[in-house]
Each structure stands twice: as C-alpha cells, then as structure tokens.
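Take a look at the structure set out below.
Just so you know, all these numbers are worked out from the coordinates, no wet-lab data involved. Just so we're clear, the structure is a prediction, and the values are computed from it rather than from any experiment. Here the Cβ is made from the backbone with ideal geometry for all residues, glycine too, and neighbour counts use every protein chain on show.
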2 protein chains.
Amino acid sequence: MNKVHKTIKLFGGRLTKIKKAIIEILLEDCCLLTKQKLVQRLKIKNIKPNRSTIFRELSFLTKSNLIIKNTITGIDYYEIPKDHHHHLVCLGCNSINKVEFGNYLKKQEKQIAKQNKFKIINHSLEFYGYCHKCQA
Amino acid sequence: MNKVHKTIKLFGGRLTKIKKAIIEILLEDCCLLTKQKLVQRLKIKNIKPNRSTIFRELSFLTKSNLIIKNTITGIDYYEIPKDHHHHLVCLGCNSINKVEFGNYLKKQEKQIAKQNKFKIINHSLEFYGYCHKCQA
DNA sequence: ATATTTGCAAACGTTTTGCATAGTG
DNA sequence: CACTATGCAAAACGTTTGCAAATAT
C-alpha cells in the first residue's frame, strides 16, 4: 500500500478512504469487478460515496495505471494487475470465466516491444465463443 | 456476400442497403472503425441513415457475429473477422496500431477449447503501454 | 495553509424505445 | 402479403461538470 500511495502522489492525488478501499477490494477479489459490485462492496465497508465520486476515483486510478479498465461485451470491468490471467467470454449467456495461461506471452511481449519501440505495461486477452451450455 | 446473407436470414434479418454497405466498408478497411467514421463512409456512398438505425444495425450485426465490437480505452471499434491481428494501445496518446502475430495462439486456442468445453469463435489481444513518443 | 476530494444538482451526450411508414423476401 | 427496417421524436440512461463545504498533506 506504500507503493500505491507513492503512485497516487506522483499523479497529484491523495490516499483517501475511498481510494484505499477500492484498491483493497480489488486486491481481495481481483477480477471482473463492475461499478455496481464495487458500490456493493463499499457499502459493506460502510462507505457510501456519491455517484460522481465513484466515477472520479475510478477515472483517477485508471489514469494512474493502478487499476485496469476492461470493457467486455459493453460492460466495464475493473481489475488490478495481479495474478495475471485471461478470459473466456460466452457470446450466448455473457458469462465470463478466467483462464490461466502461464506467462506464455512474455516472449512475444519482449519481441513486440523491441520491434515497435513500445513499452508494454500489460495486456488483455479475451477468447470469445460459446460455453458448454450455450452450444445448443 | 452470400454467406453473409445466409447468416443474416438465420438471425431473422434482411440484407438491406445499409447492412450491405456496412459489411462492404468493413471489408475494405477492416480495422478499428468507429461509429463516427462509419457514418462518414456511408455518407460518401450516399447513405445517410438515422442515428437509431446505425445503433440497430451495429447491434444486429454484432449479435449475429458478422462483425466484432471491441471497446478500447472507452471507445467502441468495429471490425470484421478477416486478416486477424492484434493491437498496440498507447496509454499516453491513445493511438492504436496493428501488430501481426502469426497464428501463434491457434495451439493454445485448441487446448483451451478442449479443457473448458468452450467453442472459441475468435479472440482479441491488446497490448497496453507507451509508444516511442510518449515514453518521455 | 493549501490543494485535493466530496456531495449535490444540473447539464450533457449517447443509447433506447414506440410508433407510423417504407421496403424486403 | 407478411414481416422486417427505417425515420422521427421522446424518453431513459450513464457520465460529466461547477460549485461550496469537507478533508488530506
């Protein structure tokens, strides 16, 4: 949480109760958190911020690369870069599941970074298709 | 375009002037088309549909898997599954560039499909980071 | 003490909806 | 002919903004 604080300061922000709570929630359950779910989780912690505050905090944390926003089938999901993984997205029922992949793309990343003079911070990989139930 | 027509019928739709034009535009310039750009391209073809028609057509074509909607840094991009490729997304200037990758993920796809009883239709892979100019 | 954060209410833009008419198969 | 697609206007929705008060450093 010290590194987080540093990054926040670097981007001209302050480590408020809400920022801290959002980071904590994402660290606990790091994957596929929607705005709705986030609000629920905050409520449990007795934090009930205004709508605009949520927007502002998520925007700040995303811009400072502390969290990642990933829009899948039109819905915004937030995650924290930890336990890196990918997603299986069902086009039938819109369910999303994690897939572990190892660090299979590490080699490719280095190559691509070099070839394009591009500093890669992270990546996202989604497989779209139909889950077992929806293959009917 | 015959296969397209078939798919459209399968999903209870009709091959209208607008559907045809959207598919054609995406086939010509298959990558990263925004709604705005699409409207521009249609105008050149002397097709000036109502806003709601655009929404409805894009929604229909996406649901029938004829085109793909990919939201990157908050902006919706439409593509057609052709000349498969991936993206380098700059978090500094929001520029997006193609990366060719070979069919490197084919093996993985098959394995993942088998392990999860999941029928993969396509995938999207984005590398986020900073382009040469924005690394300052 | 100074600058950021917050809640509130209003403004804004995008997307969706209902309906009558036009167009497709 | 039956059914889908379209344009229009209104409604609904999510997001952004300006400001004064509260809070963090």
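Specify which residue in the list A:89, A:120, A:73 is farthest towards the positive end of the charge dipole of chain A, using unit charges on the beta carbon of Lys, Arg (+1) and Asp, Glu (-1), about the Cα centre.
Farthest along the dipole direction, towards plus: A:120.
Given 20 °C and 1.002 mPa s, compute D for chain B with the Stokes-Einstein relation, Rh being the Kirkwood radius over Cα pairs; round to the nearest whole µm²/s. All intermediate terms of the calculation are to be shown ahead of the outcome.
Numbers: Rh = 16.7 Å.
The estimated diffusion coefficient comes to 128 µm²/s.
Rounded to the nearest 20 debye, what is the charge dipole size of the protein assembly as shown about its Cα centre when +1 sits on each Lys and Arg Cβ and -1 on each Asp and Glu Cβ? Please report the intermediate quantities before stating the final value.
On the way: 52 positive and 20 negative charges, 113 e Å.
For this selection, approximately 540 debye.
Quick one: with label points 7 Å out along Cα→Cβ, list the inter-copy distances for residue B:121 in nm, shortest first?
Values, ascending and in nm: 3.1.
Averaged over its residues, how many other protein chain Cβ atoms are within 10 Å of peptide A:109-121's Cβ atoms?
Mean shielding by partner chains, rounded to a whole number: 5.
Please work out which residue of chain A brings its Cβ closest to the axis of the rotation superposing A onto B, and round that distance to whole Å.
A:71, 2
What 222 nm value per residue comes from the helices of chain A, counting each DSSP H run with n ≥ 4 as -39,500 (n - 2.57) and dividing by all residues, nearest 500 deg cm²/dmol?
Numbers: 5 runs with 55 residues, N = 136.
Here the helix-only value at 222 nm equals -12000 deg cm²/dmol.
What is the distance in Å between the Cα centroid of segment B:34-77 and that of segment A:33-53?
Going from one Cα centre to the other spans 33 Å.
What number does segment B:85-136 give for Rg over Rh if you use C-alpha atoms and the Kirkwood radius?
Numbers: Rg = 14.6 Å, Rh = 12.8 Å.
That ratio is 1.15, to two decimals.
By the scheme Lys and Arg +1, Asp and Glu -1, what is the net charge of all other residues having a beta-carbon under 13 Å from that of residue A:59?
Working: positive: A:19, A:35, A:51, A:56, A:63, A:69; negative: A:57, A:76.
Spelling it out: positives minus negatives among the neighbours equals +4.
Under the convention of a label 7 Å out along Cα→Cβ, give the distances in nm from residue B:52 to the same position in every other copy, shortest first.
3.2
Testing the spin-label approximation: label points 7 Å from Cα along Cα→Cβ at residue A:50 and residue B:116. State their distance in nm.
4.0 nm
What is the sum of charges, Lys and Arg at +1 and Asp and Glu at -1, for the other residues whose Cβ falls under 11 Å from the Cβ of residue A:124?
-2
Distances from residue B:107 to the same residue in each other copy, label points 7 Å out along Cα→Cβ, in nm, shortest first?
Residue B:107 label point versus its equivalents elsewhere: 0.7 nm.
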